[in-house]
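Readers should treat all values here as calculations from the given coordinates under stated rules, not as data from a laboratory. Everything quoted here is computed from the prediction, not taken from an experiment. Note that each Cβ is placed from the backbone with ideal geometry, even for glycine, and that neighbours are counted across all protein chains shown.
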C-alpha cells in the first residue's frame, strides 16, 4: 500500500504525466492487484468443486470392484460396497466444509485489503 502511494505521489509531483494518464495507470494497477488477489480463492473453490466428482468416480470404481467379486459371500460383498460408498462422503465433506469456507474467507480478506480505490481518489484530488 505504501509503495502504491509513494509511486503515484512521485508521478504527480514530477509533473511528466497529466492527471488522466495517472488515473488510468492507477485504475489498471488496481484492477491487476484485485484480479491477482482472486486467484487463490478461485483455485480453492475449483478444488472444492472437483472433490465431489472425484468421490463419485471413486464410488463407481468401488462398486465395479465389488461387482467383480460377486462370487464372494454376501457379507464380504456388503463390506466391499460399504467401502465403495464410504469413500464418497469424505470428499464431499472436505470439499463443502473445508475448501469452500477457506475460499470465501480469502475472498473477504482480499476485499478488505483492497483499499487502493480510496487512495486513487485521494490522489486524483491533487
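Computed values, structure above
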| quantity | calculated |
| --- | --- |
| Full-extension gain in nm, residue 12 to residue 54, via 0.36 nm per residue minus C-alpha separation | 9.8 nm |
| Folded to 0 to 90 degrees: helix 74-86 orientation relative to the chain principal axis, Cα | 0 degrees |
| Estimated inter-spin distance, residue 36 and residue 82, nm [label 7 Å along Cα→Cβ] | 5.3 nm |
| C-alpha center-to-center spacing [region 46-106, region 1-29] in angstrom | 53 Å |
| All-pairs alpha carbon distance profile, region 2-124, 5 Å steps from 0, percent | 2, 10, 14, 11, 9, 8, 8, 7, 6, 5, 5, 4, 4, 3, 2, 1, 1, 0 |
| Relative contact order (percent, whole number), region 2-124, Cα cutoff 8 Å, 6+ residue spacing | 37 percent |
| Order of 8, 99 - criterion: other Cβ atoms within 10 Å of each residue's Cβ, fewest first | 99, 8 |
| Length gained when the stretch residue 46-residue 27 is fully extended (0.36 nm per residue, less Cα-Cα span) | 4.0 nm |
